[in-house]
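Colleague: Provided herewith is a single structure, encoded as structure tokens, for subsequent inquiry.
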Amino acid sequence: MRNHYSAWSLLRGAIAGHRNWTAAWRDATPKPAYDVIVVGGGGHGLATAYYLAKNHRITNVAVIERGWIGGGNTGRNTTIVRSNYLYPASARLYDFSLKLYEKLSLELNFNIMLSQRGLVLLAHSRHDLDSMSRWTNALRMNGIDADLLTASQVAALLPGLDMSPRARIPVLGALTQPRAGTARHDAVAWGYARAASLLGVDIIQNCEVRGFALRDGRVVGVDTNLGPIRAERVAIAAAGHSSVLAELAGFRLPVTSYALQALVSEPLKPFLNTVVLSPGTGAYLSQSDKGELVIGAMLDLFPSYAQRGSFAITQSILAGVLVLFPAFSRLKMLRQWAGIVDVVQDSSPIIGRTPVPGLYINCGWGTGGFKGIPVGGWTLAHVLATGENHPLAEPFQLERFITGRLIDEAAASGIAH
Amino acid sequence: MMRIPCILCGERDESEFTCGGTAHLVRPPLEASDREWAEYLFFRDNPKGVHLERWRHSYGCGQWFNIERHSVTHEISSVYAVTEPPPR
């Protein structure tokens with residue numbers, strides 16, 4: 001039996017010299033066959049396994065991960081959660097996700113450190129203000145909390161922001177979603193892994209898929225470096241590597257992989273108590289509980305599978321941050337990295353069937369996959385278990401690229417594609 | 001930072017260029033099916049490896065050209081005019 005985490009168990013641990021803690025999840029070796037195999041041990045894959053076990057009582061499940069769990073984009077994002085998307089279908093999807101996040105620490109018995117500190121999306125022009133008032137109205141019509149802030153409200157909220165008459169880029173106001181915020185990204189992966197493992201799911205690390213086993217065109221398992229594993233239902237949740245896996249299975253996706261980079265500064269005293277996004281400069285930032293500034297950049301706009309990021313973008317994003325917050329000019333950056341994101345032309349995810357029967361996919365989240373982890377797992381588990389699309393995921397099928405029913409969230413995705 | 005050899009100006013910094021995506025996509029005939037149009041407009045090989053792609057020297061001479069580039073190492077193995085066939 002694993003430890004149940006509580007104040008009481010912490011106290012008991014303190015008395016016992018903290019020698020009572022066991023590993024949070026079971027590191028498994030593959031069995032010959034499962035009911036479901038999930039390829040990809042990031043947030044989406046682990047959440048899928050958890051909801052398969054929790055919502056659908058399917059516990060004979062393997063999550064197979066090429067590296068270590070949460071080592072891909074789940075550990076590389078800027079930890080922002082929000083649901084300010086324009087269209088009704090997206091609003092429903094992302095707000096369902098945020099609502100699951102709001103209860104996730106209790107549900108998983110794992111503190112994901114959700115901090116609903118709100119986000120502030122800066123308007124740098126009259127046109128920004130106009131589109132933000134339309135956006136705010138759309139959000140409210142869809143039942144999502146949103147408000148417009150005046151320039152003086154923004155100044156009060158963000159004391160470090162350059163609002164002087166000589167500011168290089170003026171700030172005329174902002175859109176805010178008070179329920180948005182940040183969550184500890186590693187904890188989301190670990191929490192889902194622990195909860196899924198407790199329900200009987202096998203989590204297999206260092207297991208790379210090298211091919212899909214097909215019989216009469218149907219998927220019947222995967223071939224890995226640890227040997228073949230059989231299952232009648234297989235799901236892909238591999239973000240930037242979705243196309244690589246799709247090619248192994250013999251089909252193509254409307255996906256292009258790009259590097260999206262982020263940086264972390266040395267720790268500062270508390271300075272910024274909200275998430276700031278500036279579409280005009282391409283920069284977005286928040287301050288972590290440790291005091292570091294977590295800065296996100298725009299895409300390196302050429303196809304890439306290198307988890308590095310180009311210096312040209314690093315430079316332009318830091319210039320953008322300094323234009324907004326001149327006080328950071330002496331700040332040192334500690335780390336810089338990139339994750340490979342799966343961008344589709346309408347910036348909306350794909351959750352459902354693939355052209356190969358028995359093979360399902362959750363991809364296309366592009367630059368915004370972290371916030372979608374709970375709903376991505378929930379809806380993928382639903383289609384795996386029942387064979388029917390979850391109503392929330394119905395508009396987000398691969399077929400929309402053929403029928404033309406695209407859900408273009410290019411603006412709400414926050415990052416220029 | 002990549003250094004990209006423009007077909008007219010020679011090697012310059014990556015920030016002078018814009019990537020125009022996959023090269024050699026052929027527009028299907030007008031009577032093409034929805035699926036063929038979707039394949040042309042949206043579906044891509046997106047290889048982890050060598051990729052043939054279009055670039056433009058936007059902040060230089062403005063010329064479009066094609067390059068062969070590795071999507072992991074970013075190494076450029078070939079540069080050729082848009083009218084030329086792929087290198088192999």
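Colleague: Considering only the range A:196-255, give the strands (runs of 3 or more DSSP E) lying wholly within it that have at least 1 residues that are touching a residue at least 60 places away in the same chain (Cβ under 8 Å), open to solvent by less than 20 Å² (accessible area, probe 1.4 Å) and polar (S, T, N, Q). Outline the logic, then answer.
Modeller: Details: elements: A:202-204, A:209-215, A:218-224, A:227-230, A:233-236.
Passing ranges, in order: A:218-224.
Colleague: Could I ask something else about it? Which numbered condition trips up residue A:363, out of (1) under 25 Å from residue A:231 (Cα atoms); (2) buried (at least 18 other Cβ atoms within 10 Å of the Cβ); (3) in contact with a Lys or Arg (Cβ under 9 Å, 6 or more places away or on another chain)?
Modeller: Evaluating residue A:363 over (1) under 25 Å from residue A:231 (Cα atoms); (2) buried (at least 18 other Cβ atoms within 10 Å of the Cβ); (3) in contact with a Lys or Arg (Cβ under 9 Å, 6 or more places away or on another chain) leaves (3) as the failure.
Colleague: For the range A:45-76, enumerate the residues that are among the aliphatic types (A, V, I, L, M) and farther than 13 Å from residue A:194 by Cα.
Modeller: Result: A:52, A:58, A:61, A:62, A:64.
Colleague: If you don't mind, another one. Mind checking whether some residue in the range A:280-289 is of a type in the set (Val, Ile, Thr), open to solvent by less than 40 Å² (accessible area, probe 1.4 Å) and part of a strand (DSSP E or B)? I'd like the intermediate steps shown before the answer.
Modeller: First pass over the range A:280-289, keeping only residues of a type in the set (Val, Ile, Thr): A:281.
If we keep only those that are open to solvent by less than 40 Å² (accessible area, probe 1.4 Å) too, we end up with A:281.
With part of a strand (DSSP E or B) added as a condition, the list becomes none.
No, the range A:280-289 has no match at all.
Colleague: Filter the range A:368-383 for residues that are out of contact with any helix residue (DSSP H, G or I) (no Cβ under 6 Å at 6 or more places or on another chain) and either open to solvent by less than 10 Å² (accessible area, probe 1.4 Å) or at pLDDT below 95 (or both) and give the result.
Modeller: A:368, A:379, A:383 - these are the residues of the range A:368-383 that are out of contact with any helix residue (DSSP H, G or I) (no Cβ under 6 Å at 6 or more places or on another chain) and either open to solvent by less than 10 Å² (accessible area, probe 1.4 Å) or at pLDDT below 95 (or both).
Colleague: Something else about it: Could you check the range A:375-403 and list, in sequence order, the residues that are assigned to a loop (DSSP other than H, G, I, E, B) and either at positive phi or within 14 Å of chain B (Cβ to nearest Cβ) (or both)? Break it down into steps so the answer makes sense when it comes.
Modeller: Let us first name the residues in the range A:375-403 that are assigned to a loop (DSSP other than H, G, I, E, B), namely A:387-399.
Within the range A:375-403, A:387, A:397, A:398, A:399 meet the criteria.
Colleague: In addition: Tell me yes or no: at least one residue of the range A:20-31 is open to solvent by less than 10 Å² (accessible area, probe 1.4 Å), in contact (Cβ under 8 Å) with a residue 24 or more places away in the chain and in a loop (DSSP other than H, G, I, E, B). First the steps, then the outcome.
Modeller: So in the range A:20-31, the residues open to solvent by less than 10 Å² (accessible area, probe 1.4 Å) come out as none.
Within the range A:20-31, none of the residues are open to solvent by less than 10 Å² (accessible area, probe 1.4 Å), in contact (Cβ under 8 Å) with a residue 24 or more places away in the chain and in a loop (DSSP other than H, G, I, E, B).
Colleague: Related question: Within the range A:256-265, take every residue that is open to solvent by 10 Å² or more (accessible area, probe 1.4 Å) and either part of a helix (DSSP H, G or I) or more than 9 Å from every other protein chain (Cβ to nearest Cβ) (or both) and give me the one that is nearest to residue A:312 (Cα to Cα). Please lay out each step first, then the result.
Modeller: Taking the range A:256-265 first, the residues open to solvent by 10 Å² or more (accessible area, probe 1.4 Å) are A:256, A:258, A:260.
Among the residues that remain, those that are also either part of a helix (DSSP H, G or I) or more than 9 Å from every other protein chain (Cβ to nearest Cβ) (or both) are: A:258, A:260.
On the way: A:258: 15, A:260: 13 Å.
If we take residues in the range A:256-265 being open to solvent by 10 Å² or more (accessible area, probe 1.4 Å) and either part of a helix (DSSP H, G or I) or more than 9 Å from every other protein chain (Cβ to nearest Cβ) (or both), then A:260 is nearest to residue A:312 (Cα to Cα).
Colleague: Quick one: would you say residue A:342 is in a loop (DSSP other than H, G, I, E, B), acidic (Asp, Glu) and touching a residue at least 40 places away in the same chain (Cβ under 8 Å)? Full working, then the answer.
Modeller: Values: in a loop (DSSP other than H, G, I, E, B): no; acidic (Asp, Glu): yes; touching a residue at least 40 places away in the same chain (Cβ under 8 Å): yes.
No.
Colleague: Here's a follow-up. May I ask you to list pairs of residues, at least six apart or on different chains, whose Cβ atoms are under 7 Å apart, with the first in the range A:36-55 being more than 13 Å from residue A:235 (Cα to Cα) and part of a helix (DSSP H, G or I) and the second being among the hydroxyl-bearing types (Ser, Thr, Tyr) and open to solvent by less than 10 Å² (accessible area, probe 1.4 Å)?
Modeller: Here the result reads A:43/A:192; A:50/A:192, each pair linking the range A:36-55 to a residue that is among the hydroxyl-bearing types (Ser, Thr, Tyr) and open to solvent by less than 10 Å² (accessible area, probe 1.4 Å).
Colleague: Which condition number does residue B:12 fail, the rest of (1) under 30 Å from residue A:398 (Cα atoms); (2) more than 11 Å from chain A (Cβ to nearest Cβ); (3) in contact (Cβ under 8 Å) with a residue 24 or more places away in the chain being met?
Modeller: Residue B:12 satisfies all of (1) under 30 Å from residue A:398 (Cα atoms); (2) more than 11 Å from chain A (Cβ to nearest Cβ); (3) in contact (Cβ under 8 Å) with a residue 24 or more places away in the chain except (1).
Colleague: Check whether at least one residue in the range A:313-332 is part of a loop (DSSP other than H, G, I, E, B) and open to solvent by 20 Å² or more (accessible area, probe 1.4 Å), and report yes or no.
Modeller: Filtering the range A:313-332 for residues part of a loop (DSSP other than H, G, I, E, B) gives A:325, A:331-332.
When the remaining residues are screened for being open to solvent by 20 Å² or more (accessible area, probe 1.4 Å), the result is A:331-332.
Within the range A:313-332, one or more residues are part of a loop (DSSP other than H, G, I, E, B) and open to solvent by 20 Å² or more (accessible area, probe 1.4 Å).
The values are calculated or read from the model by the stated rules, or taken from the named source; none is laboratory data. No experiment lies behind these values; they were computed from the predicted model shown. Cβ coordinates were reconstructed from backbone atoms using ideal geometry, including for glycine residues, and neighbour counts include every protein chain displayed. Just the protein is used for accessible areas: all its heavy atoms, side chains included, with ligands, DNA and RNA removed. Shrake-Rupley method; radii C 1.70, N 1.55, O 1.52, S 1.80 Å.
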